[in-house]
Amino acid sequence: MTLTLPIEPEANALLQTSPLALVIAMLLDQQVSMERAFSAPYDLAQRLGHEPTAAVLAGYDPDALIAVFSERPALHRYPRAMAGRVQDLCRMVVDDYDGDTARIWTEATTGKDLLARVAKLPGFGAQKAQIFVALLGKQFGVRPEGWREAAGRFGEEGSHYSVADIVDDASLAEVRAFKKQMKQQGAVRAGQPRNAS
């Protein structure tokens, strides 16, 4: 199975072949549409004139990278902050994995180990790490022992909770409906008065 999102075919293709692009897309998938986040690595490569390596991005002039992210249409709602996070991510890939992004998961011995490795990445919180573990397992065949358990509810078979579950237009609609429901529930909770102490 391969990842199929409602984005340009070239952007989808890059996600299939570039582990770094996949990780960057997952990092950027916050406070922007999923389509924007997962298209951004391809757009970044187009603006740079080549597909960048982790080493290239890690050593890129920070102000110049911010300018690339900020060029309209911006690669993210917060281009300055996310350009910095992408650089931090790439520096970690260079320092911890010799620039080979795929080693984050190819060297994981268990699902728990994989989750721990992903959770350490800059910009990845606990939930994002679980979603990425689910994405790797469901869409890319990365399935060390215990990966579903490590991914929590996002690893459930037949679920439609995240990008990990999108394989066609129908599943995309179900994931969007779930995200909308979660946002509504969050808004309701935020509006509830706190109990007096």
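Key figures for this structure:
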quantity	calculated
Cα-projected label distance for Asp63 with Glu8, points at 7 Å along beta-carbon direction, nm	2.9
Net +/- balance of residues flanking Ile24 in space, Cβ distance below 12 Å, scoring K and R +1, D and E -1	-3
Modelled FRET efficiency - R0 22 Å, Arg153 with Lys120, Cβ distances, 0.05 increments	0.55
Listed residues Leu57, Val163, Gln46: farthest to the positive end of the dipole of the chain (Cβ charges)	Val163
Dipole magnitude of the chain, debye to nearest 20 (Cβ charges: Lys/Arg +1, Asp/Glu -1, about Cα centre)	960
Unit charges on C-beta of K, R, D, E only; dipole of segment 25-66, Debye	40
C-alpha center-to-center spacing [segment 3-43, segment 143-165] in angstrom	19
Whole-angstrom Cα spans of segment 1-107 along principal axes, big to small	38, 34, 26
Global size of segment 85-127 as Cα Rg and Dmax, reported in angstrom	10.1, 28
Sum of -39500 (n - 2.57) over DSSP H runs of 4+, divided by residues of the chain (222 nm, nearest 500)	-19000 deg cm²/dmol
Fraction of accessible area attributable to carbon and sulfur, the chain (%, probe 1.4 Å)	50
Cβ-defined net charge surrounding Lys138, 11 Å radius [Lys, Arg +1; Asp, Glu -1]	-1
Segments 174-185, 129-140 sorted - mean Cβ within 10 Å per residue, highest first	129-140, 174-185
Solvent-accessible area per residue, Å², over the chain with all protein chains present [probe radius 1.4 Å]	52
Normalised contact order of segment 1-149, rounded percent, pairs of Cα under 8 Å and 6 or more residues apart	21
FRET efficiency, Asp88 to Ala170 (Cβ-Cβ, R0 25 Å, nearest 0.05)	0.10
Geometric extent, Cα atoms of segment 73-197 - Rg, Dmax (angstrom)	17.0, 53
Under 16 Å from Lys183, Cα to Cα: aspartates and glutamates that are on another chain or at least 8 residues apart	Asp29, Glu174
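The values are calculated or read from the model by the stated rules, or taken from the named source; none is laboratory data. Just so you know, these numbers come straight off a predicted model, no measurement behind them. Because the Cβ atoms are built from the backbone with ideal geometry, glycine has one as well, and the counts that use them run over all protein chains shown. Keep in mind that these areas ignore ligands, DNA and RNA; they rest on the heavy atoms of the full protein, side chains included. Shrake-Rupley method; radii C 1.70, N 1.55, O 1.52, S 1.80 Å.
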